[in-house]
Amino acid sequence: MRQDFPETGQILLAEERQGEAFQALDTGIQGTRKFYIESYGCQMNFSDSEIVASILSENGLSPTKDVLMADLLLLNTCSIREKAEETIRKRLKEFRSLKKNNPELIVGLLGCMAERLKDKLLEEEKLVDLVVGPDAYRELPNLIQTVDEGFKAVNVFLSREETYSDIAPMRLDSNGVSAFISIMRGCDNMCSFCVVPFTRGRERSRNAYTIVAEAKQLFEQGYREVTLLGQNVDSYKWQNPETSDVISFAGLLEMVALVHPDLRIRFSTSHPKDITVQVLTTIAKYENICNYIHLPCQSGNSRILKLMNRTYDREWYMQKIEEIYSIIPDCAVSSDMITGFCSESDEEHQDTLSLMKFSKFSMSYMFFYSERPGTLAAKKYEDDIPLEIKKRRLNEIIALQNQLSSIHNKQDVGKKFKVLVEGKSKKSDEMWKGRNSQNKVIVFPADQDNLVGKYVTVEITDSTSATLIGRRV
Ligand code: SF4
């Protein structure tokens, strides 16, 4: 499809450039053209921005953290809730003056909002020149050239193969201690409230050996923690084309754990229907695989879980929690909760509160239901819970979680933990900040040594609902 926008020239969809040999971006003086990326949403998006930065720098552009220096301004967007998209639209308004001062400035939208709205975004947001979905980042240099020639450019093709496994991410805003490694892309679950399957496509797992190689490289560069990322890491499954051996998530965890005992491994996000006993026993077997699991439950009521198409019920989730605590007794579990889902009654809301108490979550991400266009729920169910009830239920869930987090942290007072130091505390330069295996933030008085990237033992002397306070021993 070709559309003419008189004041902005023509859209040239990427596939029309397919097959055209790609020339190095004509930047005049090599390496002067600067790109600026702002990332929103989940860890997957932040990890993708590092892939994008790598592709652009491979093609002669260099990163800048100063938006005023940018020749190419990219927003890596999120679409999980209406609010996330509103944030992007507001940000675009703030960039209007930049384009006025620099008409050559290219503005591009990446990520899930780009994938969800596609070229409609060019009509809605005149400032935007480039719309690129999560599977089309390799095409960026081509698309930028298209814009250089006066066209608007769009590529929102969703792939069944793309994992960017051969691209070494450029670490952005990194503390040099912990890094993300994306192990798979897409999601085959069809939770009725979720846009991800539409914005990130079908599941595909990355070659396990490229993941291990990336972890090794990061360790050699001084990183001491990696987080393995996927929408649903438990369904990771990669078949070795040479040997036909199939590597599961438990198998991959073990392979990464064997890189080096001082390389800590975290992972996100798990799915209650797919997490296996093998994964739990592998976590228990290796000290460097963290005793922390993020296990979204979304609701505590089986009827609502069915409407959400989560494919498990309340009893299944509680059984998974019992399994986790029996195999890894000091494991910390966090969760995601959506309150006020279509037709949720007060009793059903109480089920969510009681499931939280049963699960003893150390922390959670909590939201009220935000209907997303195109999702199963938007098509089938009325968003019938009034906003004030959604907000009241959300406040009850947040209040309960704060209690649970306080109790969880109070129980750590007097204990000693192995802490990986990430840097100084945001609140005070006098304090070091790090995390223990349970993913809890721990602060302790800073002495002379530079402890960034080091493991130290900290005895906990006090706690709040968000932080453990201690002293180095
Ligand atoms: S598991 Fe469900 S909530 Fe998570 S990304 Fe997939 S569809 Fe969305």
Exercise. Along the stretch 293-301, what does the Karplus equation 6.51 cos²θ - 1.76 cosθ + 1.60 (θ = phi - 60°) give for ³J(HN,Hα), rounded to whole Hz, x for Gly and Pro?
Worked result: 10, 9, 10, x, 9, 6, 8, x, 10
Exercise. Percent relative contact order of the stretch 416-472, based on C-alpha pairs within less than 8 angstrom and at least six residues apart?
Worked result: 36
Problem set entry | Given charges at Cβ of Lys, Arg, Asp, Glu: the chain dipole, positive-most of 456, 61, 308 | 456
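Suppose accessible area is computed on protein heavy atoms with a 1.4 Å probe; arrange 266, 471, 314 from highest to lowest.
Numbers: 266 15, 471 115, 314 45 Å².
Accessible-area ranking of 266, 471, 314, largest first: 471, 314, 266.
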Seminar exercise, completed: Whole-Å distance linking the alpha carbon centroid of the stretch 193-207 with that of the stretch 95-134 is 23
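Counting only C-alpha contacts under 8 Å and six or more residues apart, can you give the relative contact order of the stretch 178-410 as a whole percent?
Relative contact order here is 17 percent.
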Problem set entry | Spread of Cα-to-Cα distances over 10 Å intervals beginning at zero, given as percent, for the stretch 340-445 | 13, 30, 26, 19, 11, 1
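Of all beta bridges DSSP finds with both residues in the chain, what is the antiparallel percent, to the nearest 5? Working shown, then result.
Details: 26 of 72 bridges.
Bridges in the chain that DSSP calls antiparallel: roughly 35 percent.
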Problem set entry | Under-5 Å amide H pairs with residue 437, H placed in peptide plane, nonlocal only | 418
For this session: With both partners inside the stretch 416-472, how many of the DSSP beta bridges are antiparallel, as a percent to the nearest 5?
Result: 85
Problem set entry | Nearest-10 value in Å² for the accessible area of residue 330, using the 1.4 Å probe | 90
Problem set entry | Difference of contour (0.36 nm per residue) and Cα-Cα distance, residue 455 to residue 148 | 105.6 nm
Problem set entry | Positive-end extreme of charge dipole, the stretch 294-443 - chosen from 353, 370, 411 (charges on Cβ) | 411
Problem set entry | Built amide H within the under 5 Å cut-off of residue 154, gap 5+ | 12, 14, 131
For this session: Using a 1.4 Å probe and counting only protein heavy atoms, arrange 126, 285 so the residue with the most accessible area comes first.
Result: 285, 126
Problem set entry | residue 62 - accessible surface, heavy atoms, 1.4 Å probe, Å² rounded to 10 | 30
Exercise. What is the calculated FRET efficiency for residue 429 to residue 277, with r their C-beta to C-beta distance and R₀ = 51 Å, to the nearest 0.05?
Worked result: 0.70
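Using a 1.4 angstrom probe on the protein heavy atoms only, line up 198, 157 by accessible area, largest first. Walk me through the intermediate numbers first.
Working: 198 85, 157 135 Å².
Largest accessible area first, the residues go 157, 198.
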Problem set entry | Computed [θ] at 222 nm, helices only, for the chain once each DSSP H run of length n ≥ 4 contributes -39500 (n - 2.57) | -9500 deg cm²/dmol
Exercise. In whole Hz, what ³J(HN,Hα) sequence does the stretch 442-454 give by Karplus (6.51, -1.76, 1.60; θ = phi - 60°), x for Gly and Pro?
Worked result: 10, 10, 8, x, 8, 9, 5, 4, 8, 9, 4, x, 9
Exercise. For residue 90 and residue 336 in the same chain, what is the full-extension length gain: residue separation times 0.36 nm, less their Cα-Cα distance, in nm?
Worked result: 85.9 nm
Exercise. Stretched out fully, how many nm does the piece from residue 325 to residue 58 gain, at 0.36 nm a residue minus the Cα gap?
Worked result: 91.5 nm
Exercise. Applying the Karplus parametrisation 6.51 cos²θ - 1.76 cosθ + 1.60 with θ = phi - 60° to the phi angles of the stretch 240-246, what ³J(HN,Hα) value in whole Hz is obtained for each residue in order, glycine and proline being reported as x?
Worked result: 6, x, 7, 9, 6, 4, 9
For this session: Choose one of 259, 327, 286: the residue whose Cα lies farthest towards the positive end of the charge dipole of the stretch 178-410 (beta-carbon charges +1 Lys, Arg; -1 Asp, Glu; about the Cα centre).
Result: 259
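Using the Cα centre as the reference, give the magnitude of the dipole from point charges on the C-beta atoms of the chain (Lys, Arg: +1; Asp, Glu: -1; all else neutral), rounded to the nearest 20 debye.
On the way: 61 positive and 68 negative charges, 240 e Å.
Once rounded to the nearest 20, the dipole reads 1160 debye.
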Exercise. For residue 82 and residue 399, FRET efficiency with R0 = 25 Å and r from the beta-carbon atoms, rounded to 0.05?
Worked result: 0.55
Exercise. Using r as the Cβ-Cβ distance of residue 65 and residue 217, and R0 as 22 Å, what FRET efficiency do you calculate, to the nearest 0.05?
Worked result: 0.40
Problem set entry | Percentage relative contact order, the chain, counting C-alpha pairs under 8 Å, at least six apart | 10
Seminar exercise, completed: Check: C-alpha center the stretch 377-408 vs C-alpha center the stretch 334-370, spacing in Å is 6
Exercise. Amide H of residue 239: which non-local residues (sequence gap of 5 or more, or other chain) have their own amide H closer than 5 Å, using H built in the peptide plane?
Worked result: 247
Problem set entry | Reference-scaled alpha-carbon Rg (2.2 N^0.38 Å with N residues) for the chain | 1.02
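The values are calculated or read from the model by the stated rules, or taken from the named source; none is laboratory data. Nothing here was measured: the structure is a model prediction, and the numbers come from that model. No Cβ is skipped: glycine too gets one built from the backbone with ideal geometry, and neighbour counts run over all protein chains shown. Surface accessibility is based on the protein's heavy atoms, side chains included, excluding ligands, DNA and RNA. Shrake-Rupley method; radii C 1.70, N 1.55, O 1.52, S 1.80 Å.
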